[in-house]
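S.K.: Handing you a structure now.
Just so it is clear, none of the values below were taken in a lab; they were calculated from the coordinates. Quantities reported herein were computed from a predicted structural model and do not represent experimental measurements. Here Cβ is always computed from backbone atoms with ideal geometry, including for glycine, and neighbour counts include all displayed protein chains.
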Amino acid sequence: MKNIKYSTLYRIIHWAIAISFILLLFTIFLRLTWMNKHNVAAIIQEYLNGTDQILSQDQLVVLAKKIREPMWAWHIYIGYVLTGLFSLRFILPLFGQMKFQNPFEKGLTLKEKIQKWTYIVFYLCVVVSLVTGLVIKFGSRDLKEPMEEIHVLSIYYLIGFVMLHFGGVFIAEFTNQKGIVSRIISGSKKEN
């Protein structure tokens, strides 16, 4: 099988997108676990139990949200970066810098078609996530709740894709695409 040489631009965008996704997953993980508003509220309540101060549960949750607000702002900033990176990812093929994933290309094996369709579905899901995130931030208040419901589902496709991607790279590295990891890191071409 032909080994692909990844250009410097391709590798920079690939890794910038990958790091953005990891950071987004990290902020989501924090929000769902240690920085969960109810966990933070419980910590505040535990502290207040040793003082003369009393806050209602609603007040504790509001304070907890304020405490985790800077962390969540990073989720938003990284979302802006990812929006820019994905815009580049879709604009650059128009200038011949990167290729579109085309599952209708002639001579593709079934495996290659499945891979290309997987990327197309992934790209569509990312676009939905980015658009819903932007609507949540800048759109009408009436749209905020339904957009949040859709946006929250992003974690499921993202984790699924990351697992598929790592699994596929692992299989490729140890079968017919030896050196794929070093090529996406260094760009060097390895001949079979």
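S.K.: Could you order the peptides 146-152, 130-136 from most to least packed, using the average number of other C-beta atoms within 10 Å per residue?
M.R.: The densest-packed peptide leads the list: 130-136, 146-152.
S.K.: Here is the link list: Lys66/Lys137; Lys99/Lys178; Lys5/Lys137; Lys99/Lys137. Which ones come out longer than 29 Å on Cα distance?
M.R.: Lys5/Lys137; Lys99/Lys137
S.K.: Between helix 8-32 and the chain, what is the angle of the helix's C-alpha long axis to the longest principal axis, kept within 0 to 90° and rounded to the nearest 10?
M.R.: 30
S.K.: Rounding to the nearest 20 debye, state how big the charge dipole of the chain is about its Cα centre with +1 on each Lys and Arg Cβ and -1 on each Asp and Glu Cβ.
M.R.: Here the chain has a charge dipole of around 1080 debye.
S.K.: What's the exposure ranking of Trp117, Trp72, going from fewest to most Cβ atoms within 10 Å?
M.R.: Trp117, Trp72
S.K.: If you don't mind, there's one more thing I want to ask. Can you give me the angle between helix 141-152 and the longest principal axis of the chain, using Cα atoms only, in degrees from 0 to 90, rounded to the nearest 10?
M.R.: Tilt relative to the chain: about 60 degrees.
S.K.: Here's something else I'd like to know. Between the stretch 130-192 and the stretch 22-49, what's the alpha-carbon centroid distance in Å?
M.R.: Here the two parts' Cα centres lie 25 Å apart.
S.K.: At a 10 Å Cβ-Cβ cut-off, how would you order Ser7, Ser20, fewest neighbours first?
M.R.: Ser7, Ser20
S.K.: Additional query: For a quick check, take a GNM of the chain with Cα springs below 10 Å and name the residue from Ser182, Ser129, Ser56 with the largest mean-square fluctuation.
M.R.: Highest fluctuation of the listed residues: Ser56.
S.K.: Next question, about the same structure. Nearest 0.05, what FRET efficiency do Tyr157 and Ile22 give at R0 = 22 Å with Cβ-Cβ as r?
M.R.: 0.90
S.K.: Follow-up question, since we're still on this one. Quote the convex hull volume per residue of the chain, based on C-alpha atoms, as a whole number of Å³.
M.R.: Each residue corresponds to 152 Å³ of Cα convex hull volume.
S.K.: Something else: Sorting check: for 34-42, 102-110, which peptide has the highest mean count of neighbouring beta carbons within 10 Å, and how do the rest follow? Could you put the intermediate results ahead of the total?
M.R.: Details: 34-42: 15.4, 102-110: 9.3.
Result, highest mean first: 34-42, 102-110.
S.K.: Students often get this wrong: which residues of the stretch 70-114 have the backbone nitrogen under 20 Å from the point 7 angstrom along Cα-to-C-beta of Asn39?
M.R.: In the stretch 70-114, the label zone of Asn39 (backbone N under 20 Å from the point 7 Å along Cα→Cβ) covers 70-76.
S.K.: Most exposed first by the Cβ proxy, i.e. fewest other Cβ within 10 Å, how do Met98, Met163 rank?
M.R.: So the residues, fewest neighbours to most, are Met163, Met98.
S.K.: While we're here: Could you give the length gained on full extension between Leu30 and Glu105, defined as 0.36 nm per residue of separation minus the Cα-Cα distance, in nm?
M.R.: 22.8 nm
S.K.: Taking springs between alpha-carbon atoms closer than 10 angstrom, which of Ile180, Ile67, Ile76 fluctuates most in the Gaussian network model of the chain?
M.R.: Ile67
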